[in-house]
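The values are calculated or read from the model by the stated rules, or taken from the named source; none is laboratory data. Bear in mind that the values here come from a model prediction, so they are computed numbers and not experimental data. Cβ placement follows ideal geometry from the backbone for every residue including glycine, while neighbour counts extend to all protein chains displayed.
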């Protein structure tokens, strides 16, 4: 017998620790969440993913009573919650670690740890905070998770670094949660060793009977611990996958695809808005070149300026056409492609005269076969990475391009001789609209990543501050 949607939904509600149904949140004219559904089972770890602005943080703030809803329903253990508040969430054993720890700078680390759960002792008719006992418990809770802090917990929290505050917030939530632990990007300020501590803590929390909602944009971290994945896109449900029915590669592709739905829409809008003014500018520049006369002594400079203006307009038109191609692109139009010709064509699109002191060295492995690629799309990838490498390299610097086969994969590595990037920048580099440049957006590298994913490949970035950066395409 086929189960009706209403029967299935009621079953999900009754079998879930927490279930949010048809949640809608409006901020003035902006719809932050639009009929979002999400359930979290008993002793289940759910990964909640999506690009910045997808609605992840708003959703958990609905759950913990910090954001009111326009419509929808919240259920806890099968019973509808009429008026969720932060105090209700605390009473029900729901604890949240926010991206920016919500701590009070003037209070000690101990007082922040026990905020809302303070322990008191009585002396006659008077009662006092039992600071010694709270400090012992807080220190023990931090050690139990696996962290260590060198500062005394009696110090005001304002003297603690962001990393140390995050450690305290994570340890606090783990100690007081007894039904649901909610983690919103908990690893952003932590080292690799500390990230592993958090992931082990999440596994242990489930073993101890808790459910966990883990918000992140990092597919690799969440895939290692979660039982189920929910991806949001622009405030709506995008896709839901059980871990048993997917793998890390598919999850990463789904996450990238959700991110690029928004990018494609913006790219198309921007391209169409710019295309007409560019056409007018081109016609105007050609009129200046052909229809106006200037004194002979100024003719050479005048011609040079108009030709340069037309060249720049042509370059912008090429970018716009690439954006429009990207918005229309569904599947790569593959054909066997010479890698040497691909690199040569990519270099030909770059205005090397803008970088007169920089050298580009190309090294191609002997006997490298042709590969099934969409040459037009891959030229965009290589040109973009080459341009970034040239801009990152200093005057008289060198950009190295190496193409070959490694572990049966086509490998194209592009190395600059710039200052390199720190670890946090490397993690953000492919996010739409993130950029290290003074002007522009991060769309270029986002599109690069999308095209490489369309070819069932991946792109890796390796950088050491002060020693340059290498982008490696693996297909």
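Annotations for the structure displayed:
- Of the residues making up the stretch 23-45, not a single one is assigned to a helix (DSSP H, G or I), assigned by TED's automatic domain parsing to the domain that holds residue 219, under 20 Å from residue 241 (Cα atoms) and at pLDDT 90 or above.
- Residue selection: residue 105 satisfies the criterion of being modelled with pLDDT under 90, outside the structural domain of residue 225 (by TED's automatic domain parsing) and farther than 20 Å from residue 198 by Cβ.
- Single match in 167, 142 (criterion: closer than 22 Å to residue 60 by Cβ, part of a helix (DSSP H, G or I) and either modelled with pLDDT of 90 or more or not assigned by TED's automatic domain parsing to the domain that holds residue 56 (or both)): 167
- The residue that is farthest from residue 202 (Cα to Cα), counting only those in the stretch 173-186 that are in contact with a helix residue (DSSP H, G or I) (Cβ under 9 Å, 6 or more places away or on another chain) and modelled with pLDDT of 95 or more, is 176.
- Note on the stretch 239-269: residues that are modelled with pLDDT of 65 or more and assigned to a helix (DSSP H, G or I) total 14.
- Failed item in (1) surrounded by fewer than 17 Cβ atoms within 10 Å (Cβ to Cβ); (2) out of contact with any helix residue (DSSP H, G or I) (no Cβ under 7 Å at 6 or more places or on another chain); (3) more than 26 Å from residue 77 (Cβ to Cβ), with residue 151 passing the rest: (2)
- Being surrounded by fewer than 16 Cβ atoms within 10 Å (Cβ to Cβ), outside any loop (DSSP other than H, G, I, E, B), within 19 Å of the chain's Cα centre (by Cα) and without any contact (Cβ under 8 Å) to a residue 40 or more places away in the chain is a description that applies to residue 220.
- Of the residues making up the stretch 64-99, those that are buried (at least 18 other Cβ atoms within 10 Å of the Cβ) and assigned to a helix (DSSP H, G or I) are 89, 90.
- Of all residues making up the stretch 177-195, the number that are surrounded by 18 or more Cβ atoms within 10 Å (Cβ to Cβ) and assigned to a helix (DSSP H, G or I): 1
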